[in-house]
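The next block holds one structure in the form of structure tokens; read it before the comments.
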Amino acid sequence: TDSKSTSDDAPDQETAPPATNANAPLHRSPISNLDTLPITFGDISRANVSIRSGIVRTPCIPSPFLSEIVGANIYLKTEQRQFTGSFKERGARYAIQRLLQKQEEGGGGSGRTKDLPGVIAASAGNHALALAYHGQQLNIPVTVVMPTVAPLAKVDKCKKFGARILIEGSHIGESKAY
């Protein structure tokens, strides 16, 4: 007898998607033309030079344990050594510097940082903290919209860096919509 269900409601077992192997490695096709990427190595190099004076240079350290597990040399970037404890500082500082550069190129000010009206972002944590810190360092007003679930320690630190904090929304999605 056929054990396959004949009910119209039952999915056809022959056309069901194949089960995935949770232990199978995830592979991506290699990029054949690096010139088609939206960000170039030159972009990364320019960003690195731009933020160098305000960022801690952090080493990559080998991880023998992880290397053994995956069968490859694994190195960990020690970004917890940044002032705010996160890699988010790199992007926050670069974003503020790019805004300053665009304002200067567009004739939108005297080149002084106080001419930039400020930046605003929605974040519940590390990005907010990094933006507040680098805003203070670069003399740029920062407003951060944080959800009600944001850790109080992050809210307090952002305030200590001079950021204006708005608590809006029960989660980050609602904060972004605000």
Pairing a residue in the range 73-90 that is farther than 8 Å from A130 by Cβ with any residue that is small (G, A, S), where Cβ atoms lie under 7 Å and the two sit 6 or more apart in sequence or on different chains, gives N73/S67; I74/S63; I74/S67; Y75/S63; L76/S63; E79/S86
For the range 65-178, which strands (runs of 3 or more DSSP E) that fit wholly inside it have 2 or more residues that are aliphatic (A, V, I, L, M), touching a Phe, Trp or Tyr at 6+ places or on another chain (Cβ under 9 Å) and open to solvent by less than 70 Å² (accessible area, probe 1.4 Å)? 142-146
Please enumerate the residues belonging to the range 49-63 that are out of contact with any Lys or Arg (no Cβ under 7 Å at 6 or more places or on another chain), open to solvent by less than 100 Å² (accessible area, probe 1.4 Å) and either closer than 24 Å to S123 by Cβ or assigned to a helix (DSSP H, G or I) (or both). V49, S50
So is Q80 within 28 Å of I39 (Cα to Cα), of a type in the set (S, T, N, Q) and out of contact with any Ser or Thr (no Cβ under 7 Å at 6 or more places or on another chain) or not? yes
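Matching residues to (1) modelled with pLDDT under 90; (2) of a type in the set (S, T, N, Q):
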position	(1), (2)
R57	no, no
F65	no, no
T84	no, yes
A92	no, no
R98	no, no
Q101	yes, yes
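Given the structure, is D43 modelled with pLDDT under 95, out of contact with any Lys or Arg (no Cβ under 8 Å at 6 or more places or on another chain) and either under 21 Å from H127 (Cβ atoms) or in a helix (DSSP H, G or I) (or both)?
In short, yes.
The values are calculated or read from the model by the stated rules, or taken from the named source; none is laboratory data. Owing to the predicted nature of the structure, the values given are computational and were not obtained by experimental measurement. Virtual Cβ from ideal backbone geometry, glycine too; neighbours counted across all protein chains shown. The area values use the complete protein model at the heavy-atom level, side chains included, leaving out ligands, DNA and RNA. Shrake-Rupley method; radii C 1.70, N 1.55, O 1.52, S 1.80 Å.
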